[in-house]
Amino acid sequence: MKPVPIEERFPQPSVMGVVNVTPDSFFDGGVNFYPDAAASAARRLHAEGAAIVDVGGESTRPGSDGVGAEEELRRVVPVLERLQGEVPISIDTAKAEVARRALDLGAEMVNDVTALRGDPGLAEVVAASDAYLCLMHMRGEPRTMQVDPRYDDVAAEVASFLEERLSVAVGAGVPEERICLDPGIGFGKTVTHNLELLRRLDVLLALGRPVLVGFSRKSTLGRLLGDPAATTGTAAASVGAAVAAFERGATILRVHDVRETVEALAVASAVAG
Ligand code: HH2
């Protein structure tokens, strides 16, 4: 059966829970590094109301170097095997081989922070499947992206990048109705850039695709609360950011604190009517 359009599968607002099977992710690094722990975390986030759980085997935090496909597979495959048929899964990867294996194991979405620039084989893997696809904006690469990022007009530049990547994905055979777009909070952006992207989310919404926002626990939140050296933010600040993103039109909120975010969004959407 053909998958329904992404906005039907993930009505606004939907929560995407995060499980990083890594030793070094900026917030949950090490916590879910072992498959049983990661699988339990995914089940818990789903039970708390996550519509989908994003499983990643490579940290993309500022300064990170990345890992090879073999190591990424070694981390995520045992987790996906445990969750198959139980928890809706998104695979956070830029690698064709990892995506292919994850899709074989039942993943429903491919979340690519490189927007199909990381691996020339990924578009074909997604196009040959029924998967949803998230295309994210990143300026530079994780190792160096936070070194003095500059834009003339951050919202317009992010939108024009995503418009181009959307047409690449569609040209490669991924149906447009299965694609969502993401401004990439913290990926080559200052605090000011991140805030402006949320404030002007309408510029991205004008591309006609659902928008996913991942502000959860990111350093901008800690910096806004007065710590210029913060590398993370609090749960409460993350919930505030998710509600602000929802109110500006985001459809999918990618978060670490699922229960709190689901509760806050229930109130915000009741108010929105
Ligand atoms: N943020 C992170 C990773 N993947 N994917 C999308 N689509 N949007 C995001 O904002 C996004 C993402 C970074 O967060 P996290 O996975 O918690 O950390 P790390 O990359 O260190 O594993």
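Quick note: the coordinates plus some simple rules give every number you see, no bench work behind them. Note that the structure is a prediction, hence the values are computed from the model and not measured. As a convention, Cβ positions derive from the backbone with ideal geometry for all residues, glycine included, and neighbour counts pool all protein chains shown.
Observations
- Residue exposure sequence - R139, R254, R150 - by fewest surrounding Cβ within 10 Å: R150, R139, R254
- Tensor-based shape of the stretch 51-188 (alpha-carbon gyration tensor, a/c under 1.5 rounded, otherwise prolate or oblate): oblate
- Burial ranking of peptide ranges 71-84, 175-188, 220-233 (average Cβ count within 10 Å, highest at the top): 175-188, 71-84, 220-233
- Hydrophobic long helices, here whole DSSP H runs in the chain with Kyte-Doolittle means of at least -0.5 and Cα atoms spread over 24 Å or more along the helix axis, are found at 154-171.
- For the chain, the relative contact order comes to 19 percent (Cα pairs under 8 Å, sequence separation of at least 6).
- Charge dipole magnitude, Cβ of K and R +1, D and E -1 - the chain, Cα centre, debye nearest 20: 340 debye
- Global geometry of the stretch 20-106, whether rounded, prolate or oblate, following the gyration tensor of its Cα atoms and the 1.5 cut on a/c: oblate
- Between G106, F27, G63, the Cα set farthest toward the positive side of the dipole of the chain (charges on each charged residue's Cβ, about the Cα centre) is that of F27.
- Cα-based shape type of the stretch 187-273, given that a ≥ b ≥ c are square roots of the gyration tensor eigenvalues and the cut on a/c is 1.5: oblate
- Separation between Cα centres of the stretch 113-139 and the stretch 32-55, rounded to whole Å: 23 Å
- Span from the the stretch 213-261 Cα centroid across to the the stretch 170-204 one, whole angstrom: 16 Å
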